[in-house]
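The values are calculated or read from the model by the stated rules, or taken from the named source; none is laboratory data. Here the structure is a predicted model, which is why all the values come from computation and not from measurement. Note that we place each Cβ from the backbone using ideal geometry, even for glycine, and neighbour counts take in every protein chain shown. The area values use the complete protein model at the heavy-atom level, side chains included, leaving out ligands, DNA and RNA. Shrake-Rupley method; radii C 1.70, N 1.55, O 1.52, S 1.80 Å.
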Amino acid sequence: MCAASVVLTAGCGVTVQSHSHELATAATPRATSLVGPVTRLTDIYLVRGERVLVTHQAVPDPVTLQRTVQAVLAGPSQAEAGHGLRSALPGALRLNRVTLDDDTAIVDLTSGLSAVSSQEQALALAQLVYTVTARPGVHSLRVLV
């Protein structure tokens, strides 16, 4: 391993010396705060026409199943809505809790899903199923209302 280091440093224009030298110390860099929270992209499924399509939304890191479900419940961003994406999930629908039982996600929602047509319910449930099962290790979904 030492020989590999010598070869790599020699290849970078740094010569190997037989004795040590004291390095000049620079001012210690100050930590700066982030402007906003750290986010990561996750797959969220929304509706265009009568089709369910994947989009990628930024959610706070770490990306948890709960944060992913909250993101799909929040619906499309302004930019996504400008591209014709919408949510079939009713705007008043809220998340009570999310749990994971082996590879099955259990999503407990407030009432309100029955307020939309059966066609919209099918699209709404498809949004939830595709969004939740896109997460690693989740293969099925149970919805409680």
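Report the label-to-label distance for residue 53 and residue 100 in nanometres (one decimal), using points 7 Å from each Cα along the Cα→Cβ vector.
That separation, rounded to one decimal, is 3.0 nm.
Check which residues have an amide H placed less than 5 Å from residue 75's amide H, if you skip close sequence neighbours.
Sorted by chain and number, the residues that satisfy this come to none at all.
What is the calculated FRET efficiency for residue 117 to residue 67, with r their C-beta to C-beta distance and R₀ = 22 Å, to the nearest 0.05?
Values: r = 29 Å, r/R0 = 1.30.
The computed FRET efficiency comes out at 0.15.
Need one word for the stretch 40-114: rounded, prolate or oblate. Basis is the Cα gyration tensor (sqrt eigenvalues a ≥ b ≥ c); a/c below 1.5 gives rounded, then a/b vs b/c decides. Could the numbers behind the result be given before it?
Values: a/c = 1.89, a/b = 1.29, b/c = 1.46.
Oblate shape, in that a/c is at least 1.5 and b/c is the bigger or equal ratio.
Each residue of the stretch 109-118 in order: what ³J(HN,Hα) in whole Hz does its phi give by Karplus 6.51 cos²θ - 1.76 cosθ + 1.60, θ = phi - 60°, with x for Gly and Pro?
Taking θ as phi minus 60°, the curve returns 10, 6, 5, x, 5, 6, 6, 10, 4, 5 Hz for the stretch 109-118.
Could you give the accessible area per residue of the stretch 60-100, probe 1.4 Å, as a whole number in Å²? Mind dumping the intermediate values first?
Details: 2220 Å² over 41 residues.
Dividing the accessible area of the stretch 60-100 by its residue count gives 54 Å².
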